[in-house]
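Q: Have a look at this one.
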Amino acid sequence: MNLTKEEKSAIELLKGVLNSCLNGEDIRISTADHNSIKSVLGFDIKASTLKKKEVKEIKRGKSDFKIIITNTMGSTYPDTYGFFPFQIKELKR
């Protein structure tokens with residue numbers, strides 16, 4: 001299959017996210033990378049993860065990593081931290 005550079009890049013970015021999950025490492029991607037994955041592959045990482053403030057408790061052994069989406073708009077915008085649903089034991093009410 002012939003893929004464009006943009007498609008190959010988005011697939012490699014998503015592959016990096018998945019490899020980090022498998023290895024238990026923090027996942028750090030930029031807002032631009034997130035937008036690339038979202039527009040090319042249709043997978044919105046921010047929408048499929050839960051923010052730190054929504055989580056009451058993480059499952060034991062699955063707290064080793066989180067996804068960090070670094071903001072490229074400047075220092076006034078904070079980074080976004082999130083957890084995948086399989087890591088969550090209990091949500092805040």
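The values are calculated or read from the model by the stated rules, or taken from the named source; none is laboratory data. Quick caveat, the model's predicted, so the values are computed rather than measured. Neighbour counts are summed over all protein chains in view; Cβ atoms, including those assigned to glycine, are modelled from backbone coordinates with ideal geometry.
Q: Within the range 51-84, which residues are touching a Leu at 6+ places or on another chain (Cβ under 7 Å) and closer than 20 Å to E25 by Cβ? It would help to see each step written out before you state the result.
A: Applying the first criterion (touching a Leu at 6+ places or on another chain (Cβ under 7 Å)) to the range 51-84 yields 54-56, 82-83.
Of everything in the range 51-84, those that are touching a Leu at 6+ places or on another chain (Cβ under 7 Å) and closer than 20 Å to E25 by Cβ turn out to be V55, G82, F83.
Q: Continuing with the same structure: So the check is Cβ under 8 Å with 6+ separation or different chains; which pairs have a first residue in the range 80-93 that's among the polar types (S, T, N, Q) and a second one that's in a strand (DSSP E or B)?
A: Listed pairs, sorted by first residue: T80/K51; T80/I68; T80/I69; Q87/I58.
Q: Test of understanding: among K52, K46, which residue is basic (K, R), touching a strand residue (DSSP E or B) at 6+ places or on another chain (Cβ under 8 Å) and closer than 28 Å to K5 by Cβ?
A: The unique qualifying residue is K46.
Q: Can you name the residue in the range 30-42 that is surrounded by fewer than 18 Cβ atoms within 10 Å (Cβ to Cβ) and among the hydrophobic types (A, V, I, L, M, F, W, C) and is also modelled with the lowest pLDDT among such residues?
A: Looking at residues that are surrounded by fewer than 18 Cβ atoms within 10 Å (Cβ to Cβ) and among the hydrophobic types (A, V, I, L, M, F, W, C), I get A32.
Q: Only residues that are surrounded by 11 or more Cβ atoms within 10 Å (Cβ to Cβ), of a type in the set (A, V, I, L, M, F, W, C) and within 24 Å of K15 (Cβ to Cβ): list them for the range 43-63, please.
A: Passing the criteria: F43, I45, L50.
Q: Is there a residue being modelled with pLDDT of 85 or more, part of a helix (DSSP H, G or I) and within 15 Å of the chain's Cα centre (by Cα) anywhere in the range 65-85?
A: yes
Q: Another one. Within the range 18-29, can one find any residue that is assigned to a loop (DSSP other than H, G, I, E, B) and surrounded by fewer than 11 Cβ atoms within 10 Å (Cβ to Cβ)?
A: There is no residue in the range 18-29 that is assigned to a loop (DSSP other than H, G, I, E, B) and surrounded by fewer than 11 Cβ atoms within 10 Å (Cβ to Cβ).
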